[in-house]
Amino acid sequence: MKYILVSGGVISGIGKGIFASSLGVLLKTIGLRVTAIKIDPYMNIDAGTMSPIEHGEVFVLDDGGEVDLDLGNYERFLDVTLTRDNNITTGKIYQQVIQKEVPHITDAIQEWIERVSMVPVDHSGERPDVCIIELGGTVGDIESAPFVEAMRQFQFRVGHENFALAHVSLVPVTGPVGEQKTKPTQTTIKELRALGLSPDLVISVRDVASTYNVPLLLKDQGVLNFFRKRLGLDCVHISTDQIIRGESILAEWTKLTDEHNRLSEPVTIVLVGKYTNLQDSYLSVKKALEHSGLKCERKLILKWVDASHLEKEHEKINIDECREAWQTLSSANGILVPGGFGNRGTEGKIAAAKWARENKIPYLGICLGLQIAVIEFARNVCGMKAANSEEFQEEGVHVIVNMPEISTTHLGGTMRLGVRPTIFQEGTEDWSTTRKLYEVMNSVSAETNQVLERHRHRYEVNPKFVPTFEANGLRFVGRDETGQRMEIMELQGDPLIYRLLYFLVSSSQTISTIPWVCGGVCRIITGFRIKELIEI
């Protein structure tokens, strides 16, 4: 097994995850099997209860693990399926040490990495050849100290020929002549060496049009050839099929970036959310839209609207922000309301859903976005003026309720998480657009009429009101195994499709089904398996 550690210096959020993912792509182009591990030094057991505004989105895995957003990058770039063990946190390590009474934290970290690096992550079922380890945070952070020391020991444990270190740093440009300053990088490397780790390679990548250009940029700079020599990768046994697959990946990746750079005809999507101050809060949604735009040959113009700015009460506070928000919303070719928690901005989201329904603008509701659309439909179509969610209001008509099996007091890891079946209902074969999309993707089981998707939610549509909604044209075409939990809904005969429960859907297997107006023509797009972009 070959290991490549990716560390970062000077500032956090410098792009270690993109570099690690891009390096993994390059390694796959020569036929190697690649896995990835993300180390997050925070004390939480997982990312489930962390603020999206501070840490970005919570990415959900097949096994229900709530992990750092960089694991989403790994899955998207590498076309692999990871588990919760691919995300190491200080909380997880300390929990293991306490439970098993392990004497040394650094030993526990090294053993965790060795164990997880051997787990197959792709469709071949074979053990990976290379494991990329991303060390979160910045060198010098006190929280990272145990992991840095563990990596110092690990390099001797596996041997110099099996361990390499790439350091991602910031080279700022200052002054009127645009001079590059390397002093910050010199300082962070000095600090890293003082801790017992010497970088084999220091990376500073210039800004590019898309993150999907980074693998080719690194290849042009000789990064792949460097690691081939440094780790003796040409001596790793690679079958002919793997080599052919690798060459295909390189060709397809080159084609993808070329097509992205040529896009010119725009399509405007407006995302109405609660955490719009940090766009990484909705990273996977953003990526899914980019993938869909690529397939439709449209340049994505993604606009962000703070949901609270659409509310009537906000007009009294800042009329200019309110007008700007509504002008942005009215410019949309498609409206997306993603997942989230809490009461703030919900009335603005309901207003956005109402605008989309009345003006027949394609609308995608993910998780809370679907619940919002149900509330809007109940109020304005079914005459249930007091309709609301149990999450937002104790009294009233609760068309959205807490799932009975879910804890209302313990928040960490208690939601309905991970891959769950969604069963298409009888009678939807001829008209359900969502079902047709899944059928084209060969994702629907012929025996069970079900698809598998990732979920993250604690509230659901109140089954008591489903007959009323369906009588008024809102059809729940996808349900769970019991038939009582609503998963996917559509307005029959209307271009709007509502999707439920896939909070930030995007991975190698999980595809966003999105209806958007592209160039005046309503196209139903499904975005992203990197080798298989499908358009209907």
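Figures for the structure shown
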read-out: Residues being buried (at least 21 other Cβ atoms within 10 Å of the Cβ) and under 20 Å from Phe19 (Cβ atoms) - total across region 140-153; value: 4
read-out: Which listed residue, of Arg379, Arg357, is open to solvent by less than 50 Å² (accessible area, probe 1.4 Å), among the basic types (Lys, Arg), assigned to a helix (DSSP H, G or I) and without any contact (Cβ under 8 Å) to a residue 60 or more places away in the chain; value: Arg379
read-out: Members of region 1-20 that are without any contact (Cβ under 8 Å) to a residue 60 or more places away in the chain and either farther than 22 Å from Pro338 by Cβ or outside any loop (DSSP other than H, G, I, E, B) (or both); value: none
read-out: Subset tally (residues that are under 24 Å from Gln393 (Cβ atoms) and open to solvent by less than 10 Å² (accessible area, probe 1.4 Å)) for region 336-349; value: 8
read-out: Conditions (1) part of a helix (DSSP H, G or I); (2) among the hydroxyl-bearing types (Ser, Thr, Tyr); (3) under 18 Å from the mean Cα position of the chain (by Cα): number failed by Thr276; value: (1)
read-out: Check on Thr257, in a helix (DSSP H, G or I), more than 20 Å from Val80 (Cα to Cα), modelled with pLDDT under 90 and among the β-branched types (Val, Ile, Thr); value: yes
read-out: Subset of region 13-36 that is open to solvent by 10 Å² or more (accessible area, probe 1.4 Å) and among the hydrophobic types (A, V, I, L, M, F, W, C) - its residue that is nearest to Gly222 (Cα to Cα); value: Ile30
read-out: Residue among Leu417, Leu370, Leu364 that alone is within 30 Å of Gln450 (Cβ to Cβ) and either touching a Phe, Trp or Tyr at 6+ places or on another chain (Cβ under 6 Å) or assigned to a helix (DSSP H, G or I) (or both); value: Leu370
read-out: Region 233-246 - residue that is exposed (fewer than 13 other Cβ atoms within 10 Å of the Cβ) and of a type in the set (D, E, K, R) and, of those, farthest from Pro184 (Cα to Cα); value: Asp241
read-out: Single residue of region 429-457 satisfying the filter (part of a loop (DSSP other than H, G, I, E, B) and touching a residue at least 60 places away in the same chain (Cβ under 8 Å)) that is farthest from Gln393 (Cα to Cα); value: Met441
read-out: Near pairs, Cβ below 6 angstrom, 6+ apart or cross-chain, from region 42-67 (free of Cβ contacts under 8 Å to residues at least 40 places away in the same chain) to any residue that is hydrophobic (A, V, I, L, M, F, W, C) and open to solvent by less than 40 Å² (accessible area, probe 1.4 Å); value: Val67/Ala47; Val67/Phe59
read-out: Thr35 at pLDDT 90 or above and among the hydroxyl-bearing types (Ser, Thr, Tyr); value: yes
read-out: Single residue of region 275-286 satisfying the filter (touching a helix residue (DSSP H, G or I) at 6+ places or on another chain (Cβ under 6 Å) and buried (at least 21 other Cβ atoms within 10 Å of the Cβ)) that is nearest to Phe341 (Cα to Cα); value: Tyr275
read-out: Whichever residue in region 99-125 is more than 25 Å from the chain's Cα centre (by Cα) and assigned to a loop (DSSP other than H, G, I, E, B) and, among such residues, is surrounded by the fewest Cβ atoms within 10 Å (Cβ to Cβ); value: Glu101
read-out: Pairs with Cβ under 6 Å, 6+ apart, first in region 297-310 and within 15 Å of Glu265 (Cβ to Cβ), second open to solvent by less than 30 Å² (accessible area, probe 1.4 Å) and not in a strand (DSSP E or B); value: Leu300/Leu289; Leu300/Gly293
read-out: Some residue of region 396-403 being open to solvent by 30 Å² or more (accessible area, probe 1.4 Å), touching a Phe, Trp or Tyr at 6+ places or on another chain (Cβ under 9 Å), farther than 24 Å from Ile350 by Cα and at pLDDT 85 or above; value: no
read-out: Index of the failed condition, Thr182 passing every other in (1) farther than 25 Å from Ile30 by Cα; (2) at pLDDT below 90; (3) in contact with an Asp or Glu (Cβ under 9 Å, 6 or more places away or on another chain); value: (3)
read-out: Number of positions in region 197-234 that are among the small types (Gly, Ala, Ser), modelled with pLDDT of 90 or more and closer than 22 Å to Val139 by Cβ; value: 1
read-out: Those helices (runs of 4 or more DSSP H) lying entirely in region 176-232 with at least 1 residues touching a helix residue (DSSP H, G or I) at 6+ places or on another chain (Cβ under 7 Å) and either touching a residue at least 12 places away in the same chain (Cβ under 8 Å) or surrounded by 15 or more Cβ atoms within 10 Å (Cβ to Cβ) (or both); value: 214-220, 223-230
read-out: Condition met for Thr268 (touching a Ser or Thr at 6+ places or on another chain (Cβ under 6 Å), in contact (Cβ under 8 Å) with a residue 24 or more places away in the chain and among the hydroxyl-bearing types (Ser, Thr, Tyr)); value: yes
read-out: The lone exception for Ala307 - which of (1) open to solvent by 20 Å² or more (accessible area, probe 1.4 Å); (2) under 25 Å from the mean Cα position of the chain (by Cα); (3) of a type in the set (A, V, I, L, M, F, W, C) it fails; value: (1)
read-out: When residues of region 89-98 are limited to those that are under 11 Å from Tyr42 (Cβ atoms) and not hydroxyl-bearing (Ser, Thr, Tyr), the one least open to solvent (accessible area, probe 1.4 Å); value: Gly91
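The values are calculated or read from the model by the stated rules, or taken from the named source; none is laboratory data. Every value quoted in this text rests on a predicted model; they were computed, and no experiment measured them. Virtual Cβ from ideal backbone geometry, glycine too; neighbours counted across all protein chains shown. Side chains included, ligands, DNA and RNA excluded: accessible areas come from the protein's heavy atoms. Shrake-Rupley method; radii C 1.70, N 1.55, O 1.52, S 1.80 Å.
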